[in-house]
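Novice: Below are the structure tokens for one structure; questions will follow.
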Amino acid sequence: MSVFSENFLWGGAVAANQVEGAYNIDGKGLSTSDLLPNGLFGEIVERTDKNSSLKDNGIDFYNLYPEDIKLFAEMGFKVLRTSIAWTRIFPNGDEKHPNKDGLDFYDHLFDEMLKYGIQPLITLSHFEMPMGIINKYGGWKNRKTIELFENYAVTVFDRYKNKVKLWLTFNEINIALHEPFTGVGLARNSSRQEIFQALHHQLVASARVVKHCHNIIEGSKIGNMVAAGLVYPLSCNPADVVQAMVQNREWLFFNDVQARGTYPSYMTRYFTENNISLEITEQDRIDLAETVDFLSFSYYMSGCATADENKKIQERGNILNMVPNPHLPASDWGWQIDPDGLRVLLNTLYDLYQKPLFIVENGLGAKDNLHSDGTICDDYRIEYLKAHIQQIKESIKDGVDVMGYTCWGPIDLISAGTAQMSKRYGFIYVDRTDNGEGSLTRMKKKSFDWYKKVIESNGEIL
Ligand code: BGP
């Protein structure tokens, strides 16, 4: 018998802005992602016909999704995580009526998944919001954005209530602390006061939407999503241990609010010491009490924390700045690989919140070699995923309730951080280069059959 439950949700995860392309087709409006041709940390550019980006066409999932979903089905996916581009439904964010073409597109997409028995797991906002809301209302710093987001969420809940039962509110909600433009639609030089107020609005919006989801969709489950920035103390010096505790709270705090329904007490101290004073209404407090059904997170790597200023060599990782761990190897992009960290993380989250956990992103971004005979031997990817799934197993044995695992990028896509095609995560290779050349042909990598077996054996054969 497998350690994984019979209905364990195996699958993969992508996001609209990294696969769909069709950035201005069928009435779609401009989103924050369309202004970041070089990725999350690149320059914010004004959108003109001249400054195109790889994301404009992505991997053309907008047109090729039937082929891709067929391949996911062949691997045996039980679930596929993707997002709805808010700007396909409300191009500027504040229209009275939704865009019919946008709604139709997702109807067809979800039908295609359901045809193969693949459950959609849908993120409402994955690194994109309408530029219309930023230009007119100032993004999430304005309370009005809560209402606009609710209206969008209610529209899609109503529309897809018979097709989509699993939802996530905001992708990596903690990104705003590192990249406020993508996170909350604010300028990069915004103050902590402004960012935390915007985040407060986002947390209230998330809680309100959780309530709508429960009311509108029978049998629904909705979770939050945080980038897990797990750090260990760089040494056993107690000062490093304290520093690690403080740094871990920077991302745990979001789980506290979304799973427990109130701000944790340590944030009171943080706000006071940093002269941050949030406007929180009585109604906000009531709204926040509606908590998520499960916690979800992305996990790619861990890092270290130190109190020693000289050792704080900040290396830019995923979205989080961490001190490198001398015991761990790293990916081609310098992300340190730590399967054991996943067990630490799952146990920590379960001990703290006792809610089911869903690993909705995990994977290895690597350069792949396409051989002349059309094969791609991505043993390094298999090794990475195998080691991580092994640690999920250990966690389940520890008693942790894990609902599912959707590894990141089951098909090659445009990377979020650097907007590159060459940073490949997929079991399926896509013929496209960083220059935008290529036929977009899909090809199975060695890992394709491997993952198929993992799912077939419910995690027994790794
Ligand atoms: C997370 C994002 C994803 C994804 C992933 C990998 O932060 O939620 O959108 O892209 O990281 O990052 P990258 O694409 O930069 O390799």
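Novice: With the structure loaded, tell me whether G93 is more than 16 Å from the ligand (Cβ to nearest atom), crowded, with 23+ Cβ neighbours inside 10 Å and not in a helix (DSSP H, G or I) or whether it fails that test.
Specialist: So G93 fits the description; yes.
Novice: (1) within 12 Å of the ligand (Cβ to nearest atom); (2) in contact with a Pro (Cβ under 8 Å, 6 or more places away or on another chain); (3) open to solvent by 20 Å² or more (accessible area, probe 1.4 Å): which one isn't true of A13, the others all being true?
Specialist: (3)
Novice: Separate question: Of everything in the range 1-46, what is in a loop (DSSP other than H, G, I, E, B) and under 23 Å from P356 (Cα atoms)? Give them in sequence order.
Specialist: Within the range 1-46, M1, S2, V3, F4, S5, E6, N7, F8, V14, A15 meet the criteria.
Novice: Identify the residue in the range 339-373 that is under 19 Å from the mean Cα position of the chain (by Cα) and in a loop (DSSP other than H, G, I, E, B) and, among all such residues, is nearest to A228 (Cα to Cα).
Specialist: N362
Novice: List pairs: first in the range 250-261 and closer than 15 Å to T348 by Cβ, second charged (D, E, K, R) and surrounded by fewer than 20 Cβ atoms within 10 Å (Cβ to Cβ), Cβ under 9 Å, 6+ apart or cross-chain?
Specialist: D256/R249
Novice: Right, here's the next one. Looking at the range 42-87, which of its residues are open to solvent by 40 Å² or more (accessible area, probe 1.4 Å) and hydrophobic (A, V, I, L, M, F, W, C)?
Specialist: I44, L64
The values are calculated or read from the model by the stated rules, or taken from the named source; none is laboratory data. Note that the structure is a prediction, hence the values are computed from the model and not measured. A quick note on method: Cβ atoms are made from the backbone with ideal geometry, for glycine too, and the neighbour counts reach across all protein chains shown. Just so you know, the surface numbers come from the protein's heavy atoms only, side chains and all, with ligands and any DNA or RNA stripped out. Shrake-Rupley method; radii C 1.70, N 1.55, O 1.52, S 1.80 Å.
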